Structures are given as C-alpha cells and as structure tokens.
1. Quick one: order 401, 346 by neighbouring beta-carbon count within 10 Å, fewest to most.
2. Fewest to most neighbouring Cβ within 10 Å: what's the order for 377, 393, 345?
Amino acid sequence: MAFVQETQNDPNAQQPTATGTNAPMDQLPQTSSGGGGGSSGANTSAAGSPQGAPSVPNATKAPPVQNLSDYLTANAPQAAGMGQAIAQNISNQGQQVTGDINAAQQGFDQSVQASNVAPNQDLVNQAASNPTQFVQDPNNVQQFQTQENANYTGPTSFESSAYAQPLTQEVSQFQQNTPNTNNQSGILQLVAGQEQNPTLGMENLDALLLGGTPGATQAINQAESPYANLGQTLTGVGTTEDANIATAKANDLAASQGVQNSFLTGPNAVVPAWEQALQNEQNTATGQVNAYNQQLPAYNQEQQALGNIAQNWNNFQYSVPNFGIYTTDVNNPSSPSETPINAPSLSSVATPQDYATEAALSQLLGSSLGTTPIDQSTVDQAGTFQAPGSIPSLQPQAQSLADQLGMAYNQTYQNDLIPTAGVDRGAYGALLAALQGEENPLIKQLQGYGAK
C-alpha cells in the first residue's frame, strides 16, 4: 500500500538504479552515515591516471537519510483511505450484527406473544350476564374460549433459545474484529488482510502508516462507536424477552382464572348459581306435590262422609211407610277420589330457558362444565310438570247437603210423618251415626239436622 511520491529536486530522493526503476516502497528507506570508500593512492592527475580517467569521490556512498515525517505525509492519503476502508467494513459488520439481533428478538417475541392472552374480564362478564344471548355471535364464543383456554406454551427464556448461542458467537466475533486503535497490536490486527499476499513487513509498515497518520484511525473509531455495547444490547434483549415471558404467563393465568371465577368457582359463579336455581325449582315443585298429597286423605275422607250421610238419609226415608212420598232423594255430593301425585323429575320441572342456558354453557365451557343436572337428552320434557294446585273446597257440597237435609226434616216433623212404630230402626240408627259420628268440621255442621 505504501509508496513515496518521486520528487526531482528533492536532495534526499533515492536515485534510479542501473535498470532505471525505483527502489521498492513497501519498506522503510535505508539510512547512511555519509562516509564513503578511500583513495587507491594512484596519481590523481588526468594525465598521469593509469585508468585514463580521474577517480569519482564517494562513488559508493549510500543515499542520504529520508525524513520519516515526509514519508508519512506522502502516504497520508493512502493511510486515510485504508482507515476509511476498515471503518466501512466495521460499519457493515456492525449493521449486520445489529440487524441479526433485532431480527432474532422479533422472531423470538412473536413466539412469546403467540401464547400471550391479555385478560378481557369485560367479555367474560358479558358472557356471564346472559350466556344464551352471548353465544349467538360466533366471534363471542371464539374470544371467550381463547380466554378460557389461555395457557402459556411459548419459550421459557431467551438465553436457552436457538437464537442465543449464534448471536453470542456473532457478537463475540465482531468484538474481536474491532480492537482498540490506541495500541499497536490493535492497529496491526486491523490492517491484517488489507494487502494481497502480505508479508509481515508489509503489515508492519501498513500498521505504522495507519497509526502514525493523523486522523487515519478517526474513521475507525467513529465506526466502532455505535457498536461498542453490542454485548450489553444482546443481554438487554434477553432481559426484555424474559420479562415478556413472565408477563405472558401472568396474563394467561389471569385470563383463564377469570373464566373459572366467573363461571365455576367464584362466589357468584354462573354454573353453581344456575344449578342452585334448578334445585330451587325442583324443591318448589316437590313442595307443591307434597302439600297436595298430604291434604288428600282428609279430602277423600270428607267426600266419603258426605256421601255416606246422603246415602243413609235416602235409606232412612224409604224405610218409613209413606215417608218417601213427601221427600225426595238427597243428592249424593261425592266426587271421584283424588290420587297422590308422584314427585316431579327435574327434567320436567326445568323450563325451556333452563335447557337453553345449559346448551349455552356447554358451548362455552365444553368439558369444563362437567356433569349437569339436566342436559339436552331430555329437552323434550322441558316444562311438562304441572303444579297440582290446591285441594278443591267441599264447603259448597256440604252446604248443599245440609240444606237438603234441613228441608227434609222440617217437612217430616211438620207433617208428623215419623210414627213411633214401624220405623226401620237399623236405617235410622245408621243415619244418626252418619250425622253424629263424623268429627270433620265440614261434617259437623250437618249434625244439627239429626232426628229429634
């Protein structure tokens, strides 16, 4: 690389050789003390010279000393150019390493964020407030299940990823290729490879020129400066991405836990509340059935008692001669006895809305819903249970029978139709027993119409 610009008037310039070519410029110039060879002792006069020519003093003297500062000055443009070339190479390498770090971080972070589900409690609350309406929009279902199934499965750390080791080696290699220009060994490392098939002397000369030329290393220092902390940059990437991993894990846990709390385990969770509402519905229906069944024995007993009274009266009046011509049969107020109602099943008590809620919860939660009190296999029974209502009152029937008996007795006594002899005492006794033997309050009001 190095050379010396030839100057005709320079007294220190090296003279051409016998072949007319310049001496090599890739090595430092030789120096001389100024001394030359001695005289041969022959006659110095022209006429008396045996060689026929006068001798030339100092014919074998070495060239005068070349000034090193002039040498460096002459090679300054080449040294600056070499510095620019090295600087450009460093800048290119630094950009490449930086780009590789950024690309690696982007690729790694994508894998982290792919498993990062930010909690959306508003969406979960919307689903909890009205599941059947919420599932009408497929997008709602998809977003909800993303929350429910959030589970971090991305990389565990940047340092253990496939990105880390190649980048570490790349940064280390770059740092090795960018030594300190403040010492000769660093400069010598930088100039290595600048020449084709360089010798050690050529590399040393290039290093001398690069380091001794003012400003030649400035471009190199400027090129190295932006990339002086690439190692810290790579460490910072690892720290950032490890923090992103921790955030993603926390987000996923919060998202899935939000669904669990709102639908399965929380104090106001949807599924337990829905199941309790179903149980309450069945309890209410069962209570209605039990109350009805508990009233049936008394009701049926009253029905039978009223019928017995009417039948005994009819039997009595026809047992007395001529008695029946003045009276008429008392209507039997009896009606068919009621039979107990079986306890209702939850599948028949549950309403169509209950079944719609079960379908929506199953769509949202899937297997997490578990076994429910009802499912779609019995949806055709929805709302088929009919509450039995209250036991009908026998008061109107009892009052009607009392009125009939009163009229009959009044007619009997007014016409003095009951003789002291010839009365069927068995039929009369049965009537009295029917009238007086009943303890039910509805029957007791008839006792006042017994025979006097």
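Each reported figure results from applying straightforward, stated rules to the coordinates on display, with no laboratory input. Since the structure is predicted, the reported quantities are computational estimates derived from the model, not experimental observations. Cβ sites come from the backbone with ideal geometry, for glycine too, and all protein chains shown count toward neighbours.
1. 346, 401
2. Arranged by neighbour count, lowest to highest, 377, 393, 345 become 377, 393, 345.
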